[in-house]
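A.B. asks: There's a structure below that I have some questions on.
The values are calculated or read from the model by the stated rules, or taken from the named source; none is laboratory data. These numbers come from a predicted model, not from an experiment. When we count neighbours, we look across all protein chains shown, and the Cβ atoms used for this are built from the backbone with ideal geometry, even at glycine. Accessible surface is based on the protein model in full, side chains and every heavy atom, while ligands, DNA and RNA are left aside. Shrake-Rupley method; radii C 1.70, N 1.55, O 1.52, S 1.80 Å.
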Amino acid sequence: MPRFAVLARVLVSGLAIFSAGLVPLHAQQAPIPIFRYKQGMPSTGGGSIPAPPTTPANNPPEWTTPANVGNIGRGQSYSVTLNATDDDLGDTVTYGTDGGSAPVTAALSGTILTFSVASGAASGRYYVTATASDTKSTVPLQLAVDVGDGPTFDTASNLGLWETNKSNSIQLAASGSGSGLNASSYRIVTPAQGGAGALPFGMSLSTAGLLSGNVSRSSSNSGVRNITVEVADTASPVPNRTRQNFTFTLANAPRNDTNAFGFFNEAFVGDTVSLQMAASDPDSDLDMSNAFSLAPSSLPLPTGVTLNPNGSITGTITHNIASGYRDLNFTIRVTDRAGLYVDRSYTWRIKKNPINWITNANLGRVIAGQDMADNTGRTLSASHDYGATITYHLASGTMPGGVTLSGNRFYGTVSGAAGTYTFEIEAREQNSFPVIAMKRSFTMTVDPTPPAPTSALPDNTYSFGLGSPPSWASAANAGTRTKGTNVGFWSFNANNNADTVIVAGSLPEGLTFSSPGTGGFNITGTISPGAESRTYYFTARAINSYGAFSERTFYFTVP
């Protein structure tokens, strides 16, 4: 009660007594006030003065983290989240720790306090002090860690790499204490399934310690996962428990997006193929330039066809199929940069091609300036198992300049430079759909134009002799003779029974000139298999009895 109120009450009581026993109240003068209100202080009507306002109290933080951390096995680590509340508006709580002491130590990172127990720690209870501080107060919390002869995890903390969209499993192992292991006491000590640091959806831990499941293939599911597992022994009445943090990485294996059906349509021997496979990976770690290969246990692709690292399949099918068809089976692997892979098996039906080439792949030698219409042995030929009509088409490459293909024959006058030309011709079944064809690569060699006769006088040019010079009946182009051919008596004739002489020239190994004289000359012998493949030139002179003469340069080709 305020001091002035007490004084007023005493005064009033005294006056009342005085009035009752001594002098009537109405006969006394008005009493002089003992005190006055301080100027500016409002009256309460009852004479009392209100208490001045008080300063709010600063409340210390209050811990919500349990003081008992529980059992931590020797050589293990375990983390708890520190948390304290503070009723003071706007007052921030910060945390600290004394770090403990060996064999149980602790390290603080933000609000996460991680305990580490030395592998040789003795059984017993150890304490680590944490602090929660606001702007005016610090409140300690003594955290108890029990180290006992509880179970020990025998499974390494790093569980390695696991793949999504695949059944994964691992059996966690632990050794019991002297009381024995409770083999059905495994449990996850982390947030709810699917939460941060917990098992992803699709995986579970059985009470017997089997960690298994199939996680859906998704970029959001990939990454490092940390879980804490607890196991207990059979001690009674209170079992000893040990916790261990485990880490594993979920990764998405690549996906082969090329369907197993319909991608490899049936094909014929001789078909040229160009296919492109497709693949993807949610983790974006697929190098498409180097992702494809045949699985190690796979059978090969059809002969003549190649699977390239970028997934393209190219080549011309040359597989040996005597009749009908064969279903060829093989497995293609797609591998990402992390070494994860996926295999997919395919079947490709390859049919015997009904078209069969007859013409040899070597079309021999031609002469620059030669008319192809006069060149025998340049007709293309192929057969068909069922007698269908075959047409011929230039598929790739370049024929000698001036040469064209029409039907099954080459036409034109050779104008290309000397050298060997390689080109591909397709023999095609007429009106087939899809196209049934057989390609063959051919070569044709162009030799340079023959040199001029060794004499300065060309054919049918008069000499200083009398009469007209004789002429040659045999054409300059003597055609083609293959190696191993016995030419018999190969005759070259002049008109008017002129005398003939060989002026200059050469023959392939195995051949000789014979019987030069009246009316012409012969070549005899067998062309050696080792003879050089080229065009051979020689010049002969025909002379009449008056000395008039003409010369001609002959040539023939050995392919």
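A.B. asks: Take the stretch 249-270 and flag every residue that is in contact (Cβ under 8 Å) with a residue 40 or more places away in the chain, open to solvent by 30 Å² or more (accessible area, probe 1.4 Å) and assigned to a loop (DSSP other than H, G, I, E, B).
C.D. replies: Within the stretch 249-270, A260, F263, E266 meet the criteria.
A.B. asks: Which residues, taken from the stretch 65-86, are at pLDDT 85 or above, part of a loop (DSSP other than H, G, I, E, B) and in contact with an Asp or Glu (Cβ under 8 Å, 6 or more places away or on another chain)?
C.D. replies: D86
A.B. asks: For the stretch 492-511, name all the residues that are touching a Lys or Arg at 6+ places or on another chain (Cβ under 7 Å) and open to solvent by 40 Å² or more (accessible area, probe 1.4 Å).
C.D. replies: The answer is V501, V503.
A.B. asks: Applying the selection to the stretch 177-231, what residues are open to solvent by 40 Å² or more (accessible area, probe 1.4 Å), at pLDDT below 85 and more than 25 Å from E163 (Cβ to Cβ)?
C.D. replies: G178, S179
A.B. asks: For the stretch 232-248, what are the residues that are crowded, with 17+ Cβ neighbours inside 10 Å and over 25 Å from the mean Cα position of the chain (by Cα)?
C.D. replies: Selection gives A232, D233, A235, P239, N240, R241, T242, R243, Q244, N245, F246.
A.B. asks: Sticking with this structure for a sec: Just the residues that are open to solvent by less than 40 Å² (accessible area, probe 1.4 Å) and in contact with a strand residue (DSSP E or B) (Cβ under 7 Å, 6 or more places away or on another chain), please, taken from the stretch 523-546.
C.D. replies: Within the stretch 523-546, I523, T524, G525, I527, A531, T535, Y536, F538, T539, A540, A542 qualify.
A.B. asks: Of all the residues that make up the stretch 337-362, how many are assigned to a loop (DSSP other than H, G, I, E, B) and open to solvent by 50 Å² or more (accessible area, probe 1.4 Å)?
C.D. replies: Total meeting the criteria: 4.
A.B. asks: Collect the residues in the stretch 390-416 that are part of a loop (DSSP other than H, G, I, E, B) and farther than 19 Å from P559 by Cβ, keeping them in residue-number order.
C.D. replies: Passing the criteria: T398, G401, G402, G407, N408, G412, S415.
A.B. asks: Something else about it: Hey, any hits in the stretch 311-327 for a residue that's of a type in the set (D, E, K, R), without any contact (Cβ under 8 Å) to a residue 60 or more places away in the chain and within 30 Å of N221 (Cβ to Cβ)?
C.D. replies: No; the residues of the stretch 311-327 include none that is of a type in the set (D, E, K, R), without any contact (Cβ under 8 Å) to a residue 60 or more places away in the chain and within 30 Å of N221 (Cβ to Cβ).
A.B. asks: Look at the stretch 103-136 and say how many of its residues are more than 50 Å from the chain's Cα centre (by Cα) and assigned to a loop (DSSP other than H, G, I, E, B).
C.D. replies: 5
A.B. asks: Please go through the stretch 81-104 and give me each residue that is surrounded by 18 or more Cβ atoms within 10 Å (Cβ to Cβ) and either without any contact (Cβ under 8 Å) to a residue 24 or more places away in the chain or hydrophobic (A, V, I, L, M, F, W, C) (or both), ordered by number.
C.D. replies: Of everything in the stretch 81-104, those that are surrounded by 18 or more Cβ atoms within 10 Å (Cβ to Cβ) and either without any contact (Cβ under 8 Å) to a residue 24 or more places away in the chain or hydrophobic (A, V, I, L, M, F, W, C) (or both) turn out to be L82, A84, V93, V104.
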